[in-house]
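Below is one structure; the comments refer to it alone.
FYI, it's all coordinate maths here, none of it is from the lab. On a predicted model such as this, the values are computed, not experimentally measured, just so you know. Note: ideal-geometry Cβ built from the backbone for every residue, glycine included; neighbour counts use all protein chains shown.
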Amino acid sequence: MTGEATYRAAYVAAVENADRLAPELSARMSAPQPLVLYPSYVDSPTKVMIMGQETAGLNRSIFARGPSETYDSEVASTRAFDMAEGQQQWSSPFWRAFREVCHLFDVDVPKGAAWSNVVKVQHLCDGKSASFRNFKKDERYLLLQWQKELFDAELAYAAPRKVLLFTGPWYEHATDFLLEGLEWKSVHDLDPRELAVAKCGVRGIDFVRTYHPRYLQQTWRWPLIEAACRYLQQSA
């Protein structure tokens with residue numbers, strides 16, 4: 001199978017496996033966010049991927065359609081979102097930071113970088129999308145276990161060389177679980193919560209983790225975005 005076909009199979013399997021979770025949990029799960037890659041990323045030698053925390057607005061139940069139809073529908077929805085172009089989110093801190101990273105790496109803006117999120121589903125309540133944080137602690141762990149193979153398949157499909165995680169301390173438990181075995185180190189004597197780096201030898205990926213852009217903006221830490229990119233550019 002091609003890379004996309006392999007990834008699609010992993011996505012479909014994840015949707016199918018959702019019914020193995022407790023009904024009271026899976027009934028509150030949105031369909032997972034799919035990874036969509038554009039030609040300018042696929043053809044780029046840089047291969048930089050930017051991951052946020054989670055995607056707001058995933059308001060369709062994971063059981064709303066069959067597994068294959070769910071994949072096709074969510075991919076179509078992600079493409080229609082068009083990396084926030086023409087959307088109200090275009091001016092948000094996250095998408096401004098996303099475009100800045102594209103500029104710093106000299107890739108097509110915004111589709112020269114891959115976009116994803118660490119957490120793949122949202123919490124549904126009365127048909128409305130809410131944060132992953134609304135799940136109970138033990139439920140969040142079960143969901144991270146459930147999405148682990150999908151997360152790995154996504155990295156294999158995108159095959160990034162550099163990954164910038166805009167996640168912040170609250171999501172460290174998620175990144176530590178999903179990227180098990182990485183040793184995070186601080187940079188330039190900064191607090192590791194501000195900027196931490198790790199290298200995955202097996203995947204050949206350099207990772208940098210920092211706060212979410214909204215927090216970077218609120219706390220006057222926006223220059224950490226350039227610092228993170230400079231580190232990634234200099235890493236072998």
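Brief remarks follow.
- Volume per residue of the convex hull around the Cα atoms, evaluated for the stretch 37-143, comes out as 127 Å³.
- Cα radius of gyration and Dmax for the stretch 1-84 (Å): 14.0, 45
- Taking each DSSP H run with n ≥ 4 as -39500 (n - 2.57) and averaging over every residue of the chain yields -12500 deg cm²/dmol at 222 nm.
- Note on Glu149/Arg193: beta-carbon distance plugged into 1/(1 + (r/R0)^6) with R0 of 22 Å gives a FRET efficiency of 0.15.
- Gyration tensor verdict on the stretch 123-231 (Cα atoms; rounded if a/c is under 1.5, prolate if a/b is larger than b/c, oblate otherwise): oblate
- Loop-located GluC sites (Glu not before Pro) in the stretch 74-116 whose Cβ has at most 13 other Cβ within 10 Å (DSSP): Glu85
- Fraction of C-alpha pairs exceeding 30 angstrom in the chain: 21 percent, rounded to a whole number.
- The GluC sites (Glu not before Pro) of the stretch 121-208 that meet both conditions, a loop assignment by DSSP and at most 11 other Cβ atoms within 10 Å of the site Cβ, are Glu180, Glu183.
- Trypsin sites (Lys or Arg not before Pro) restricted to DSSP loop in the stretch 140-236 with at most 14 other C-beta within 10 Å: Arg193
- The magnitude of the dipole of the chain, with charges of +1 and -1 set on the Cβ of Lys/Arg and Asp/Glu and taken from the Cα centre, is near 300 debye.
- The chain: Lys pairs at Cα distance under 13 angstrom, eight or more positions apart or on different chains: 5
- Across the stretch 90-101, computed HN-Hα scalar couplings (Karplus, 6.51 cos²θ - 1.76 cosθ + 1.60, θ = phi - 60°) run 3, 8, 5, x, 4, 6, 5, 5, 4, 5, 5, 4 Hz from first to last residue, x flagging Gly and Pro.
- A simple rule links phi to the HN-Hα coupling: the Karplus curve 6.51 cos²θ - 1.76 cosθ + 1.60 with θ = phi - 60°, which for the stretch 45-55 gives x, 6, 6, 9, 10, 10, 10, x, 7, 7, 9 Hz, with x for Gly and Pro.
- Backbone N atoms of the stretch 92-135 closer than 18 Å to the 7 Å Cα→Cβ label point of Trp222 belong to residues 92-105.
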